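Asks: Quick one: the structure is below, questions incoming.
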Amino acid sequence: MDEKTTGLINPLSLARRRILVTGASSGIGRATAELLARLGASVIVAGRDEERLARTRSSLVGDGHSQIAFDLSAIDEIPGIVARLAKEGGALSGIAHCAGVQAGRPMRIVDQNFMDDLFRVNVQSGLALARGFRQRGVPASGAAMVLVSSVSAFVGQASNVVYCATKGAVVSATKALAVEFMRDKIRVNCVCPALVETEMADRFRTTMSDEQWQGYVAQYPMGIGQPADIANSVAFLLSDAARWINGTTLVLDGGLLAG
Ligand SMILES: NC(=O)c1ccc[n+]([C@@H]2O[C@H](COP(=O)([O-])OP(=O)(O)OC[C@H]3O[C@@H](n4cnc5c(N)ncnc54)[C@H](OP(=O)(O)O)[C@@H]3O)[C@@H](O)[C@H]2O)c1
């Protein structure tokens, strides 16, 4: 069955697509890589830690997967890395940019380095990936990019101002990238998860007492999210099922912001 036929039968199919997933060594990125592979994609798993990446890679069904370790804070190197992936392995159908860092700090002790570190990994890396994706010969037809923001883009949180600002920037960047890349037929969307059970959430939990944590989790009418809840939407936005969705922000929060 060729790709056209598979797409007609199942618009969620990612058969014969090559997709780069950042943050694939953990949490949301790992779950995304695993789902994309199940939907037929050849996945390039990216992160910094070769061993953790190898673990993700070995969990992927199907073949044609690969891994690449690089630090997303080396912004100037990113476009070249993306272009090289396309040159050596074929055009990319998608990028799922799942990597990110969360660090809380009250404003009175925030300094330039702290802000730079968060903005580099949470905002500038996505812009640099987009720049790489836009190079001639890099995007395949039907290309799409999904950025991972957070509900922190919409809800103020004490001691989390810088992280909230980075995630707000991702929402704005998504819209502007979608408009700029429209003529090149590259769609750009983002997802905004609330609390999801990952290593990041585990680290966040250590900043609270058990009582505070119980109160925090109790705000969630449908419980906290699982990485697969986010992966499902990322996969959808990368697929042809979302071919008319562009510049959108999809909130994934188990109803948190609704009530
Ligand atoms: N979990 C939540 O509750 C939650 C809620 C809202 C939004 N989010 C967002 O969802 C995304 C994924 O979070 P997660 O919960 O899956 O976090 P996680 O389990 O901590 O995973 C973070 C991933 O980002 C990668 N990464 C971090 N800094 C990097 C750098 N400088 N260069 C390359 N890769 C780097 C890590 O790779 P290494 O193996 O190299 O460390 C890891 O694979 C983030 O953007 C986060 O802000 C998470």
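The values are calculated or read from the model by the stated rules, or taken from the named source; none is laboratory data. Remember, it's a predicted structure, so these values are computed and weren't measured experimentally. Counting neighbours? That spans all protein chains shown, and the Cβs are built from the backbone with ideal geometry, glycine included. What goes into the accessible areas is simple: the full protein's heavy atoms, side chains included, and nothing from ligands, DNA or RNA. Shrake-Rupley method; radii C 1.70, N 1.55, O 1.52, S 1.80 Å.
Asks: Taking only the stretch 166-187 into account, find how many residues are in contact with a helix residue (DSSP H, G or I) (Cβ under 8 Å, 6 or more places away or on another chain) and within 27 Å of ALA201 (Cα to Cα). Can you show your working first?
Replies: Restricting attention to the stretch 166-187, the residues satisfying the condition of being in contact with a helix residue (DSSP H, G or I) (Cβ under 8 Å, 6 or more places away or on another chain) are 166-171, 173, 177, 181, 186-187.
Right, trim to within 27 Å of ALA201 (Cα to Cα) and you get 166-171, 173.
Number of matching residues: 7.
Asks: Right, VAL170: assigned to a helix (DSSP H, G or I) and farther than 21 Å from VAL21 by Cα or not? Even if it seems obvious, please write down each step before you answer.
Replies: Working: assigned to a helix (DSSP H, G or I): yes; farther than 21 Å from VAL21 by Cα: no.
Against the criterion (assigned to a helix (DSSP H, G or I) and farther than 21 Å from VAL21 by Cα), VAL170 does not qualify.
Asks: Scan the stretch 188-199 for residues that are within 8 Å of the ligand (Cβ to nearest atom) and either hydroxyl-bearing (Ser, Thr, Tyr) or open to solvent by less than 60 Å² (accessible area, probe 1.4 Å) (or both) and jot them down.
Replies: Correct list: CYS192, PRO193, ALA194, LEU195, VAL196, THR198.
Asks: Please tell me if GLY90 is at positive phi and buried (at least 16 other Cβ atoms within 10 Å of the Cβ).
Replies: no
Asks: Filter the stretch 173-187 down to the residues that are assigned to a helix (DSSP H, G or I) and either of a type in the set (A, V, I, L, M, F, W, C) or buried (at least 21 other Cβ atoms within 10 Å of the Cβ) (or both) and list them by number.
Replies: Scanning the stretch 173-187 gives ALA173, THR174, ALA176, LEU177, ALA178, VAL179, PHE181, MET182.
Asks: Quickly run through the stretch 12-23 and pick out the residues that are under 15 Å from LEU147 (Cβ atoms), more than 6 Å from the ligand (Cβ to nearest atom) and in a loop (DSSP other than H, G, I, E, B).
Replies: none
Asks: Further question: If I ask for residues that are within 16 Å of the ligand (Cβ to nearest atom), assigned to a loop (DSSP other than H, G, I, E, B) and of a type in the set (A, V, I, L, M), which ones from the stretch 87-111 would you list?
Replies: Within the stretch 87-111, ALA99, VAL101, ALA103 qualify.
Asks: Filter the stretch 158-176 down to residues that are more than 17 Å from PHE114 (Cα to Cα) and touching a Gly at 6+ places or on another chain (Cβ under 8 Å), then give me how many there are.
Replies: 4
Asks: Something else: Within the stretch 112-127, which residues are within 12 Å of the ligand (Cβ to nearest atom) and under 14 Å from the mean Cα position of the chain (by Cα)?
Replies: Passing the criteria: VAL121, ASN122, VAL123, GLN124, SER125, GLY126.
Asks: Scan the stretch 135-163 for residues that are open to solvent by 60 Å² or more (accessible area, probe 1.4 Å) and either in contact with a Leu (Cβ under 9 Å, 6 or more places away or on another chain) or part of a helix (DSSP H, G or I) (or both) and report the count.
Replies: Here the count works out to 2.
Asks: So, one more: Considering only the stretch 34-49, how many residues are within 11 Å of the ligand (Cβ to nearest atom) and of a type in the set (Lys, Arg)?
Replies: The number of residues fulfilling the criteria is 1.
Asks: Residues of the stretch 155-174 being more than 13 Å from the ligand (Cβ to nearest atom) and under 20 Å from GLN219 (Cα atoms), which ones?
Replies: Passing the criteria: GLY156, ALA158, SER159.
Asks: Just to verify a result, which residue in the stretch 50-86, among those that are more than 21 Å from THR32 (Cα to Cα) and assigned to a loop (DSSP other than H, G, I, E, B), is nearest to the ligand (Cβ to nearest atom)?
Replies: Among them, the one singled out is SER73.
Asks: Looking at (1) among the acidic types (Asp, Glu); (2) within 16 Å of the ligand (Cβ to nearest atom); (3) within 23 Å of VAL138 (Cα to Cα), can you tell me which one ASP202 breaks?
Replies: The failed condition is (3).
Asks: Being open to solvent by less than 20 Å² (accessible area, probe 1.4 Å) and either more than 27 Å from ILE224 (Cα to Cα) or touching a Pro at 6+ places or on another chain (Cβ under 9 Å) (or both): is that true of ILE44 here?
Replies: Yes.
Asks: If ASN246 satisfies all but one of (1) of a type in the set (S, T, N, Q); (2) over 18 Å from SER93 (Cα atoms); (3) open to solvent by 20 Å² or more (accessible area, probe 1.4 Å), what's the number of the condition it fails?
Replies: (2)
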